[in-house]
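The values are calculated or read from the model by the stated rules, or taken from the named source; none is laboratory data. Note that this is a predicted model, so its numbers are computed, not measured. Cβ sites come from the backbone with ideal geometry, for glycine too, and all protein chains shown count toward neighbours. Surface areas here come from the heavy atoms of the whole protein model, side chains and all, with no ligands, DNA or RNA. Shrake-Rupley method; radii C 1.70, N 1.55, O 1.52, S 1.80 Å.
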Amino acid sequence: MSEEILKAEHVKMYFPVRGTFGNIVNQVKAVDDVSLSLYKGETYGLVGETGCGKSTLGRVLIRLLSATEGTITYKGKDLLKAGDSEMRHLRRELQMVFQDPYTSLNPRMRAGDILTEVLKIQGIGDRDSRMAAALDVLGKVGLLPEHFYRFPHEFSGGQRQRIGLARALILNPELIICDEPVSALDVSVQSQIINLLLDMQEERGLTYLFISHDMSVIRYIADRVGVMYLGHLVEEGPVDELFAAPAHPYTQVLLSAVPSDNPHEKKERIILEGDLPSPIDPPEGCAFCTRCPYATEICRKERPERFQINEGHRVYCHLMK
Ligand code: SF4
C-alpha cells in the first residue's frame with residue numbers, strides 16, 4: 001500500500017435540529033463514528049443510498065464542514081485544529097468536484113474568470129500568469145481557448161463538469177473529493193468524464209474519494225470501496241474482493257441490483273423491506289437491524305465492532321463473530 005495521506009478516526013457530524021424558539025431539540029446524525037484512510041494515488045469509492053451521509057462525509061474530510069467529533073489527519077497535520085491561514089493554504093491540496101456542475105458555477109462569471117479567481121483568492125501569480133494557467137488547464141480537460149470567454153449556460157452538462165474539474169485542478173491538488181460527478185450527466189458523457197478523471201490521476205498522481213450511488217461506476221473507477229448506511233461505514237475492501245464476496249448484508253443488497261457481466265448468469269435481486277430509518281432517531285444497535293433479514297436480538301442492542309476478514313477487507317456485522 002502506498003503512503004497514507006489522510007486518516008479519519010471516529011468522525012461524527014451531527015447537525016442540530018432547532019425548535020420554535022431556536023433551541024436545540026434534537027440532532028441529525030449524518031455521519032456517526034466513521035474511520036477510514038486514503039492512500040496516495042488511489043481512488044476510494046464511497047457508496048450508499050441517498051441520505052446515507054456519504055456527501056456529508058466527503059465535505060467533512062476536507063473540512064468544508066467541521067466535524068462534531070473525531071480526528072482527521074492530512075499528511076500528519078490535524079485538519080480540525082488548523083487555523084484559518086493554514087487551512088487556506090491546505091485548501092490548495094484539498095479540492096472538490098460537485099455533482100451539479102451548473103449550480104456549482106457562478107452563472108454571471110465567464111469560465112476563464114471562474115478559473116483565475118481560484119488563483120487570485122490564493123494570492124497566486126499576476127493577471128497574465130493566471131490567465132495562462134487557466135488556458136492551460138482548460139486544454140487539459142479537453143476544452144478550447146475560446147471557451148475561456150463563455151458563460152456557464154453556454155456549455156453542455158459535460159463541458160460544465162469539465163470546467164468544474166478544471167477549477168479543482170488549477171491549484172494542483174493532492175486529493176479531490178468527487179461528489180457524484182457524473183450522476184447528472186447522460187450515460188455517453190459519463191464515460192468521457194470518468195476517463196478524463198482517470199487520465200488526470202495517472203498524469204498527476206491524484207488521490208480521489210469518489211462518491212456515488214452507482215455500483216457499476218464504482219466498480220469501473222475505484223481501487224477500494226467503502227459502503228455507507230445511515231451515517232455508518234458498514235464494509236470496506238478492495239474493489240474486486242468486495243464485488244466477488246460482499247460480507248455485509250447491506251452490501252449484498254446493493255450488489256444484487258448490479259447487472260451481471262455474464263448474460264447466462266441469473267441474478268436474484270434482494271429487495272429490502274421497510275424504509276431507511278431517520279438519522280434523527282437511528283436504531284440503537286446495528287444501524288441496519290430494522291431491515292436486515294438476519295437480524296437477531298444482539299443486533300438490536302449492540303453496535304457491531306469492526307471485523308477484519310483479511311488484509312484491507314473489514315466489515316461491521318455480528319454475523320462475523
Ligand atoms: Fe444484520 Fe445483525 Fe449484521 Fe446488522 S449486525 S447487518 S442486523 S446481521
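What translational D, rounded to a whole number of µm²/s, comes out for the chain from Stokes-Einstein when the hydrodynamic radius is the Kirkwood one over Cα pairs, at 10 °C and 1.306 mPa s? Roughly 76 µm²/s, to the nearest whole number.
Protection proxy ranking, highest mean first, for peptides 161-172, 267-278: 161-172, 267-278, where packing is the per-residue count of other beta-carbon atoms within 10 Å, averaged. Computed from Cα positions, the angle between helix 127-140 and the longest principal axis of the chain comes to roughly 50 degrees.
Please check which bits of segment 218-233 a label hung off Tyr39 would reach, taking the label as a point 7 Å along Cα-to-C-beta and the cut-off as backbone N under 11 Å. Taking a point 7 Å out along Cα→Cβ of Tyr39, the residues of segment 218-233 whose backbone N falls under 11 Å are 223-224. By definition, a body whose alpha carbon gyration tensor gives a ≥ b ≥ c is oblate when a/c is 1.5 or more and a/b is not larger than b/c, and segment 89-195 fits this oblate description. Considering helices alone, the calculated mean residue ellipticity of the chain at 222 nm is -9000 deg cm²/dmol, with DSSP H runs of length four and up weighted by -39500 (n - 2.57) and normalised per residue.
Amide hydrogen proximity for Val97: with H placed 1.01 Å from N in the peptide plane, the residues at 5 or more positions away or on another chain lying under 5 Å are Ile177, Cys178, Asp179. Placing a label point 7 Å from the Cα of Ile121 along the Cα-to-Cβ direction, the residues of segment 51-65 whose backbone N falls under 16 Å from that point are 59-60, 62-65.
Rolling a 1.4 Å probe across the protein heavy atoms gives the chain an accessible surface of 49 Å² per residue. Measuring nothing but protein heavy atoms, the accessible surface of segment 8-61 at 1.4 Å probe radius is 51 percent carbon and sulfur.
Full extension of the segment from Ala245 to Asn26, taken as 0.36 nm per residue of separation minus the current Cα-Cα distance, would add 75.0 nm. The GNM of the chain, with springs linking C-alpha atoms under 10 angstrom apart, assigns the highest mean-square fluctuation among Thr43, Thr296, Thr207 to Thr296.
For segment 74-181, the fraction of 1.4 Å probe accessible surface lying on carbon and sulfur atoms is 48 percent.
In this rough spin-label picture, where each label sits 7 Å from Cα along the Cβ direction, the Ser85-Lys321 distance is 5.3 nm. When only the Cβ of Lys, Arg, Asp and Glu is charged (+1, +1, -1, -1), the dipole of segment 194-310 relative to its Cα centre reaches about 220 debye. Is the shape of segment 141-250 best called rounded, prolate or oblate, per the rule: a/c under 1.5 gives rounded, else a/b larger than b/c gives prolate, else oblate, with a ≥ b ≥ c the square roots of the Cα gyration tensor eigenvalues? Note, shape of segment 141-250 comes out prolate.
In this label model, Thr71 and Glu305 are separated by 2.1 nm, measuring between points 7 Å along each Cα→Cβ vector.
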